[in-house]
Amino acid sequence: AKDVPDFSNVAGNITAGSSISDVIAEGFFLITALDYQGKYISDFLVRRDGSSLFGPEERWQTYYRASGAWRMAQEGWWPYDAVDEFKLRYSIGTAGGRPGFAWQYETYAVSQGVITPVSLGNRFLKPERSTEQEVGAEVVLFNKINAGLTYAWSEVQDQLLQVPLPGFVGFSSQWQNAGTLESSTVEAFIETALVDGPEVGWTSRLNFDRTRQEISQLDISPYRTGFLYVREGEELGSFYGTVWASTCDQIFAGGGDCSAFDVNSDGYLVYVGEGNTAEDGIAKDLWGTSGEVGGRTFEWGIPIKTQDADDSEFLFMGNTTPDFNLSWSNNVRWKNFNLYALLDGEFGADI
């Protein structure tokens, strides 16, 4: 491969690495904020971004943001003296996630003089586009208790995914805009000053939040990557593992000779050899050995992946997304000293 600068291509037992990249970005924006009588508040933004990280066919993207708030408690007709502040708000905004530097180019690996294709470039690659909306309310009671409630929902279109390619393509994968992710979040808080004196103070705050994310659209065939299963309808945070055989028919579909196998103390089927049991490994010095059954080689005592399980039904192991989060923070003040404490809890994650 000509004209590829690579510092690690030297003789001897030297480990080295090098990289060169040039990224160009340009942007223009128009922004304004409006406030009328301190009761009606709004903010607007339009942005035009260009980047060399976007594919040649998608160099420029447009984004926007708008928000508004109404402080109802400041109106002359507001009837509740105990409510010092009551504000309703709404916002909508878009943003983009940039592709990686090399994702629009063909990439190769070099090992012992052999060049192997790795990733197929994509000149139509564009940034992920996220549209998020949020509604909320904030209230102040008796000039002492603050509380708020927020609901936010978003849609991320043109998600950047490293998609596996068929073997005949020559490259193993390609970065594509191939999915849509939807999410929603509920947040709430309440805060108050339990003690508020000139020398002593104690402020306490309780927070709650809950988030759900789901792959709502996938423009390619479902695929597995590591512990994840990328498919429509999948909740983000779910992870999967291999189904390990516990019976003979999970190894030999349609039946086979299982006289050389035994179930170990964990309930998994393992190869032990004729006349042995799963407890003989140390006594007979069998660990590290192997044997052949039905044309297949098995390592002694090692659990075996099932051979007849449907790839779409491999083992669900859990979800890292909690049912909800709670936190309780406290700030205690005494003269010139402050003590801050936070208890943060995650509830319901199945890992």
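The values are calculated or read from the model by the stated rules, or taken from the named source; none is laboratory data. Given the structure is predicted, the values throughout are model-derived calculations rather than measurements. Positions of Cβ are generated from backbone atoms using ideal geometry, with glycine treated the same way; all protein chains shown enter the neighbour counts. Heavy atoms of the whole protein, side chains included, go into the accessibility calculation; ligands, DNA and RNA do not. Shrake-Rupley method; radii C 1.70, N 1.55, O 1.52, S 1.80 Å.
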| field | Reachable aspartates and glutamates, given that their alpha-carbon falls under 18 Å from the alpha-carbon of K39 and they are not under 8 places away in the same chain | value | E75, D81, D84, E85, E138
| query | Mind checking the dipole of the range 90-134: about its Cα centre, +1 per Lys or Arg Cβ, -1 per Asp or Glu Cβ, Debye to the nearest 20? | reply | 180
| field | Of the GluC sites (Glu not before Pro) in the range 179-215, those whose Cβ has at most 16 other Cβ within 10 Å and which sit in DSSP loop | value | E199
| Selected from L141, P99, A109, residue furthest toward positive end of dipole (the chain; charges at beta carbon) | L141
| Using the Cβ atoms and a cut-off under 12 Å, what net charge is assigned to the surroundings of R65, where Lys and Arg are +1 and Asp and Glu are -1? | -2
| remark: Computed about the Cα centre, the charge dipole of the chain from +1 Lys/Arg and -1 Asp/Glu charges at the Cβ has a magnitude in debye, to the nearest 20, of 1420
| the range 106-145: chymotrypsin sites (Phe, Trp or Tyr not before Pro) in DSSP coil with no more than 13 other Cβ atoms inside 10 Å | F124, F142
| field | Matching label, Rg and Dmax of the Cα atoms in Å computed from the structure shown, candidates (i) 29.9, 92; (ii) 19.9, 60; (iii) 46.2, 164 | value | (i)
| request: Roll a 1.4 angstrom probe over the protein heavy atoms and tell me the percent of accessible area of the chain that is carbon or sulfur. | output: 54
| In the range 180-217, trypsin sites (Lys or Arg not before Pro) in a DSSP loop with at most 15 other beta-carbon atoms within 10 Å | none
| field | Among G281, G197, Q37 the positive-end extreme of the charge dipole of the chain (Cβ point charges) | value | Q37
